[in-house]
Amino acid sequence: MSSVSGDQPSEFAQRMVDQAIKAGADAADAVVFSSLSQSVGIREGEPEGIDNSESREAGLRVFAGKSQAIVSTSKLDAGEVATLVEQAVAMAR
């Protein structure tokens with residue numbers, strides 16, 4: 001699985017769901033979102049500084065029988081997501 005920066009968010013979410021089903025979940029859903037923000041500090045009526053930030057996160061809900069588990073992460077590289085999916089499926093069992 002590639003990182004979210006290499007896929008469209010919908011493709012990345014679908015890959016997470018597919019991986020969860022392959023790992024043994026009965027069903028799963030995923031959400032991927034990103035945010036950009038900018039803040040400006042004003043001191044005595046003058047701009048003091050501008051801060052920019054960007055974040056990307058993903059959440060996964062898996063179902064196994066009558067149980068479910070919900071996990072999320074901001075680490076969207078392939079290895080971290082694969083581990084997260086495995087953990088979510090194990091938690092739901």
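The values are calculated or read from the model by the stated rules, or taken from the named source; none is laboratory data. These numbers come from a predicted model, not from an experiment. Neighbour counts run over all protein chains shown; Cβ positions are idealised from the backbone, glycine included. These area figures cover heavy atoms from the full protein model, side chains too; ligands, DNA and RNA do not enter into them. Shrake-Rupley method; radii C 1.70, N 1.55, O 1.52, S 1.80 Å.
A search for C-beta distances below 6 Å between a residue of region 56-69 that is free of Cβ contacts under 8 Å to residues at least 60 places away in the same chain and any residue that is outside any strand (DSSP E or B) and open to solvent by 60 Å² or more (accessible area, probe 1.4 Å), counting only pairs 6+ apart in sequence or on different chains, returns GLU57/SER74; PHE63/ASP26; ALA64/ASP26; ALA64/ARG93; ALA69/MET91. Across region 48-81, the qualifying residues are those that are open to solvent by 50 Å² or more (accessible area, probe 1.4 Å) and part of a loop (DSSP other than H, G, I, E, B), and the one among them that is nearest to LYS22 (Cα to Cα) is GLY65. Just one of the listed residues (VAL31, VAL17) is among the β-branched types (Val, Ile, Thr), surrounded by 12 or more Cβ atoms within 10 Å (Cβ to Cβ), outside any strand (DSSP E or B) and modelled with pLDDT of 95 or more, and it is VAL17.
If you check SER39, SER34, SER53 for being small (Gly, Ala, Ser) and closer than 28 Å to MET91 by Cα, only one passes: SER34.
Evaluated against (1) surrounded by 10 or more Cβ atoms within 10 Å (Cβ to Cβ); (2) at pLDDT below 95, GLY45 falls short on exactly one condition, (1).
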